[in-house]
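Participant: Sending over a structure as C-alpha cells; questions will come in a sec.
Read-outs throughout are calculated quantities, based only on the coordinates presented, and are distinct from any laboratory measurement. Since we're looking at a predicted model, the values are computed, not measured. Heads up, the Cβs are rebuilt from the backbone with ideal geometry, glycines too, and the neighbour counts pull from every protein chain shown.
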Amino acid sequence: MTDGPSFSGREIAAVVSFTVLAAVIGVTSYRAGLNLSGNAGGAQMQAASGPAPVNGQALFASNCAGCHGGQAQGGVGPALLDAKTWTTAAFNDSVLHGKHPSGRELAPVMPRFAQTGLDGAPPAPEQIEAIHAFVKGL
Ligand code: HEC
C-alpha cells in the first residue's frame with residue numbers, strides 16, 4: 001500500500017489553504033447574515049415606531065380634555081354632544097379648521113388643529129377619526 005496516492009507539500013498546502021479560505025468565507029458570510037438580520041430588525045423597529053399609534057382617548061386627553069373636559073362633558077369649551085352625531089368630514093372641519101357644520105366660524109378659543117397640530121405634530125386624518133370615535137363612544 002505504499003503506492004497509494006501521495007500528495008506533495010504544495011498539494012497539501014493548497015488543500016489546507018482552500019479549507020481555511022472556505023472557513024473564513026463561511027464565517028464572514030455568516031456574520032454578514034447576522035448583520036443583515038440585525039439591520040432588518042432595526043428596520044422593523046423603525047417601521048413600528050414610524051406612524052404614531054393612534055389612540056383617540058390619549059389624543060383627546062392631551063389635546064382636548066383641558067377645555068372640553070375629560071369625558072367631553074364641557075368646560076371652557078362646550079360638551080361635545082352634538083359632535084357625536086356629525087359625520088367624520090364635519091368633525092374634521094370643526095377640529096382642523098374651526099368650521100361648525102352650520103357654517104359658523106367657531107370662536108378663536110377653539111384651536112385650529114390644522115395649524116396648531118396634535119401634540120405638536122401635523123394631525124393625521126386617522127387621529128381625528130380616532131378622537132371622533134372616542135367622543136362618540138362616551
Ligand atoms: C383652548 C380650549 C380648547 C381646546 C384645547 C379644544 N377646544 Fe374645542 N372648542 C373650544 C371652544 C371654546 C369651543 C366653542 C367655540 C364656539 O362655539 O364658537 C369649541 C368647540 C368645539 C367643537 C364644536 C362643538 C359644537 O357642538 O359646536 C368641537 C367639535 C370641538 N371643539 C372639538 C375639539 C376637539 C376634538 C379638541 C381636541 C383635538 C378640541 N376641541 C380642543 C375650546 C377648545
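Participant: Out of segment 75-90, which residues are in a helix (DSSP H, G or I), near the ligand (Cβ under 6 Å from one of its atoms) and in contact with a helix residue (DSSP H, G or I) (Cβ under 8 Å, 6 or more places away or on another chain)?
Facilitator: Within segment 75-90, the subset in a helix (DSSP H, G or I) is 82-85, 88-90.
Narrowing further to those that are near the ligand (Cβ under 6 Å from one of its atoms): 82-83.
The answer is Ala83, and nothing else.
Participant: Can you find a residue that is closer than 15 Å to Phe113 by Cα and more than 6 Å from the ligand (Cβ to nearest atom) anywhere in segment 67-74? Full working, then the answer.
Facilitator: Keep residues of segment 67-74 that are closer than 15 Å to Phe113 by Cα, which gives 67-68.
Remaining after also requiring more than 6 Å from the ligand (Cβ to nearest atom): none.
For segment 67-74, residues closer than 15 Å to Phe113 by Cα and more than 6 Å from the ligand (Cβ to nearest atom): absent.
Participant: Say we look at segment 116-138 and pick out the residues that are of a type outside the set (Gly, Ala, Ser), part of a loop (DSSP other than H, G, I, E, B) and touching a residue at least 24 places away in the same chain (Cβ under 8 Å); which of these is surrounded by the fewest Cβ atoms within 10 Å (Cβ to Cβ)?
Facilitator: At the first step, the residues of segment 116-138 found to be of a type outside the set (Gly, Ala, Ser) are 116, 118-119, 122-123, 125-129, 131-132, 134-136, 138.
Add one more test, that the residue is part of a loop (DSSP other than H, G, I, E, B), and what stays is 119, 122-123, 138.
If we keep only those that are touching a residue at least 24 places away in the same chain (Cβ under 8 Å) too, we end up with 119, 123, 138.
Numbers: Asp119: 12, Pro123: 20, Leu138: 15.
Per the stated criteria, the residue is Asp119.
Participant: Only one of Val109, Val95 is within 6 Å of the ligand (Cβ to nearest atom) and assigned to a loop (DSSP other than H, G, I, E, B). Can you tell me which? Before the answer, list the steps.
Facilitator: Values: Val95 fails: assigned to a loop (DSSP other than H, G, I, E, B).
Matching residue, one of Val109, Val95: Val109.
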